[in-house]
Amino acid sequence: MRGVFDLFVRPFGYRVVRSRQKIDPDICSDDDFMRIHKVCDPFTMTSIERMYGLYKAVRYVVDKDIPGDIVECGVWMGGSAMMAAMTLELVGDTSRELYLYDTFEGMPPPSDQDINHEGVHANAFLKPESRVDGESNVWAYASLEMVRGNLSKVGLPSDRFHLIKGGVEETIPDQSPEAISLLRLDTDWYESTAHELKYMYPVLSMGGVLIIDDYGHWRGSREATDEYFSSNSSILLNRLDYSGRISIKL
């Protein structure tokens, strides 16, 4: 199997880096995406399938003229934000801004609900590790300055990026856009995901796109999502890969 792909296991999900020949044909034949992905890939732990879903979502909201800005909760090193920004640049969108929420100090402590798809609590991964332990970075630490530097590699002006530091429970909804066209949630834990959906989903425009990065991997993310939509209008979550889910607000 090693000749086919290298598997990097992280506590936040499995990242598979495949040769171009083994990537799904509809993905590897999209030259624009593959060019952008090559730039963004060093700065993300997200699978190529989820990155392609984000790329297509950005193109969709622009093509359909869905009003609102792009929001990401859980930024890490900025790879997904770079994908969104470079896709906006590709299609010539000069109006949308990106609101990027993160502690920029690593992940907050998990709650009792934060158990992975194998039934292992997040503390089993996090407690033995420091914030940054050599090459290990299970707390997903990346400073604001580091992320800002990574975002400078794309062509969008710096004033299009709003990097909002702090826990989402502290910054949302006070520092939120008036309308959202694409909402990407990647904070892993139950409490943060529940808070984001409570305050951000009502602001997502009709026809806008919701992406849940950790639905299949972290039970807390899935429970927060299921609870929210069981109490509000139900949606169809489409599978991007074993963990990622995507939906259009109707």
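The values are calculated or read from the model by the stated rules, or taken from the named source; none is laboratory data. Just so it is clear, the model here is predicted, and its values are computed rather than measured. Please note: Cβ atoms are built from the backbone with ideal geometry, for glycine as well, and neighbour counts cover all protein chains shown.
Points worth noting:
- Residue pairs meeting the criteria (Cβ under 8 Å; at least 6 apart or on separate chains; first of a type in the set (Val, Ile, Thr), in the range 165-176; second part of a strand (DSSP E or B)): Val168/Cys73; Val168/Tyr101; Thr171/Tyr101; Thr171/Ile164; Thr171/Lys165; Ile172/Cys73; Ile172/Tyr101
- Identity of the residue in the range 77-134, hydroxyl-bearing (Ser, Thr, Tyr) and either surrounded by 20 or more Cβ atoms within 10 Å (Cβ to Cβ) or within 30 Å of Val154 (Cα to Cα) (or both), that ends up modelled with the lowest pLDDT: Thr94
- Flag for Ser176 being assigned to a loop (DSSP other than H, G, I, E, B), at pLDDT 95 or above and either in contact with a Leu (Cβ under 8 Å, 6 or more places away or on another chain) or of a type in the set (Ser, Thr, Tyr) (or both): yes
- Of the residues making up the range 191-220, those that are assigned to a helix (DSSP H, G or I) and modelled with pLDDT under 95 are Arg219, Gly220.
- Restricted to the range 12-34, and to residues there that are exposed (fewer than 12 other Cβ atoms within 10 Å of the Cβ) and modelled with pLDDT of 95 or more, the residue that is farthest from Lys153 (Cα to Cα) is Ser29.
- Reported count of residues in the range 143-159, each being crowded, with 16+ Cβ neighbours inside 10 Å and not in a loop (DSSP other than H, G, I, E, B), is 4.
- Scanning the range 160-202 for residues that are among the small types (Gly, Ala, Ser), touching a Pro at 6+ places or on another chain (Cβ under 8 Å) and surrounded by fewer than 19 Cβ atoms within 10 Å (Cβ to Cβ) yields Gly167, Ala179.
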